[in-house]
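Have a look at the structure below, then the notes.
The values are calculated or read from the model by the stated rules, or taken from the named source; none is laboratory data. Since we're looking at a predicted model, the values are computed, not measured. Heads up, the Cβs are rebuilt from the backbone with ideal geometry, glycines too, and the neighbour counts pull from every protein chain shown. We work out accessible area using only protein heavy atoms, side chains counted, and drop any ligands, DNA or RNA first. Shrake-Rupley method; radii C 1.70, N 1.55, O 1.52, S 1.80 Å.
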Amino acid sequence: MSAQSLRPKVVQLYKTLLYLGRDYPKGYDYFRTKLKNAFLKNKDVSDPKEIEMLIARGEYIVKELEALYMLRKYRTLKKRYYPDET
Amino acid sequence: MSGLRVLVGCKRVIDYAVKIRVKPDKTGVVTDGVKHSMNPFDEIAMEEAIRLKEKSIASEVIAVSCGPPQCQETLRTAMAMGADKAILVEVDPATYEKVQPLHVAKILAKIAQENKIDLVLLGKQAIDDDCNQTGQMTAALLDWPQATFASKIEKTDGELKVVKEIDGGLETVTVKLPAVATADLRLNEPRYATLPNIMKAKKKPMDKKKPGDYGVEIVPTHKVIKVEDPPTRQAGQKLETVDDLVHKLKDQGLIPS
């Protein structure tokens, strides 16, 4: 697979991450700057294998963020509604 | 028997992470320009409905929300999670302030009858008004059995076996269908509505109705007298030495002098 054909995948990943960033605890602006820098840092990567690897890492972060949000919500609610439980 | 038809209530509330501010005139809280999202307990109810569908116990999941036009977004989220269609009972923002659990319960009951619903799944309470009434009232209006604070739902023959969270333990009840169930925090872990699914949800059907279509008039049955901030915690004190601390404790009568 050529590097060019991976482009849509990268764009899709970027969009997904941007969307997730809207719920980021430190704020959307913080997240977007970080995200942009992270993508820009690798803009010269041209080896398809390496790009695949970076996409996989991005998808891993997507999963982590979803888990983070879920936990954060769960913990907030637990603290709010079940104060006696440890 | 074919699959169950499940109705899920999705209230749009101020996001759980937002710091709530009370309006200066103490009539309510500031909602303008504040991030809103789906009530977390309703999310749990929705997740349960979708899981029932994935296990082929439920055949159709309908999301319903009652409120201002912005509730569409909440319903889109519900459909992105996996609901098949949505019903928006539109109430203009001014009237919405007067909407109380009884009105919503009446609307839900009517929708449940019209759509031949077998199971109404709701969150146990909304995180904005903490009423914890809608599920119970809906069950009463429909004269259906109710299983509140569910932490586990299993389907047996024509019945639901529900484990409920009660003070100091768990209670297991069986209810005949049709029934109303309300979700507690530990029922499941809701999935995240992903971006592609939100896009796909835009193609799913959404009906728009008015409370009048269900013969419900929004006349408040109780009055909110005032809304106040919770008392703030008093600031602590830093003491220099142990002697100071002992003195303080003795002054307060916390240790024998």
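Take the Cα gyration tensor of the stretch B:56-190, multiply each eigenvalue by 5, square-root it, and list the three semi-axes largest first, rounded to whole angstrom.
Computed over the stretch B:56-190, the values are 24, 17, 15 Å.
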Check your understanding: To the nearest 10 square angstrom, how much accessible area does B:Ile20 have with a 1.4 angstrom probe?
Key -> 70 Å²
Review point. Considering only B:Gly28, B:Ala109, B:Leu245, whose Cα is most displaced toward the positive end of the charge dipole of chain B, charges sitting on Cβ of Lys, Arg (+1) and Asp, Glu (-1)?
Key: B:Ala109
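Determine the share of the stretch B:1-153's accessible area contributed by carbon and sulfur atoms, expressed in whole percent, with a 1.4 angstrom probe.
Details: 2970 of 6130 Å².
Accessible surface attributable to carbon and sulfur in the stretch B:1-153 totals 48 percent.
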Exercise for review: For every other residue with a beta carbon closer than 14 angstrom to the beta carbon of A:Met70, add +1 if it is Lys or Arg and -1 if Asp or Glu, then tell me the sum.
Suggested key: +1
Exercise for review: For chain B, would you read off the P(r) tail past 33 Å as a percentage of all alpha carbon pairs?
Suggested key: 28 percent
Revision key, fill the gap. Toy charge model, Lys and Arg Cβ at +1, Asp and Glu Cβ at -1: chain B dipole around Cα centroid in debye, rounded to 20, equals 700 debye
Revision key, fill the gap. Note to self: C-alpha centroids of the stretch B:138-185 and the stretch A:1-51 sit apart, in Å, by 45 Å
Review point. Which pairs break 22 Å Cα to Cα here: A:Lys34/B:Lys203; B:Lys55/B:Lys152; A:Lys36/B:Lys203; B:Lys11/B:Lys208; B:Lys124/B:Lys176?
Key: A:Lys34/B:Lys203; A:Lys36/B:Lys203
Exercise for review: Give the interface area between chains A and B as buried accessible surface, both sides summed, probe 1.4 Å, in Å² to the nearest 100.
Suggested key: 1900 Å²
**Study point:** Square roots of five times the Cα gyration tensor eigenvalues for chain A, Å
**Key:** 34, 13, 9
Review point. Per residue of A:68-75, how many C-beta atoms from partner chains lie within 10 Å of its own C-beta, taken as a mean?
Key: 3
Point to revise | Shielded residues, the stretch B:6-26 - accessible-area loss of 10 Å² or more between chain alone and all protein chains, probe 1.4 Å | key: B:Tyr16, B:Ala17
Exercise for review: Work from the charge dipole of the protein assembly as shown (Cβ charges, +1 for Lys and Arg, -1 for Asp and Glu, about the Cα centre) and give the residue of B:Phe41, A:Leu13, B:Gly67 farthest towards its positive end.
Suggested key: A:Leu13
Review point. What does the stretch B:127-257 give for Rg and for Dmax, in Å, if only its C-alpha atoms count?
Key: 25.3, 74
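Per-residue counts of other Cβ atoms within 10 Å, averaged by peptide: what ranking do you get for A:54-67, B:66-79, B:240-253, highest first?
Listed from highest to lowest mean packing, they are B:66-79, A:54-67, B:240-253.
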Revision key, fill the gap. Per residue, accessible area of the protein assembly as shown with a 1.4 Å probe, heavy atoms of protein chains only, in Å², comes to 59 Å²
Check your understanding: Heavy-atom accessible surface, probe 1.4 Å, ligands and DNA/RNA ignored: which residues of the stretch B:188-234 lose at least 40 Å² versus the isolated chain?
Key -> B:Tyr192, B:Leu195
Check your understanding: When DSSP beta bridges are limited to those with both residues in the protein assembly as shown, what percentage is antiparallel, rounded to the nearest 5?
Key -> 40 percent
Point to revise | Within-15-Å neighbourhood charge of B:Gly158 [Cβ basis; K, R +1; D, E -1] | key: 0
Practice item. At 10 °C and 1.306 mPa s, grab the translational diffusion coefficient of the protein assembly as shown from Stokes-Einstein with a Kirkwood Rh over Cα pairs, rounded to a whole number in µm² per second. Key: 70 µm²/s
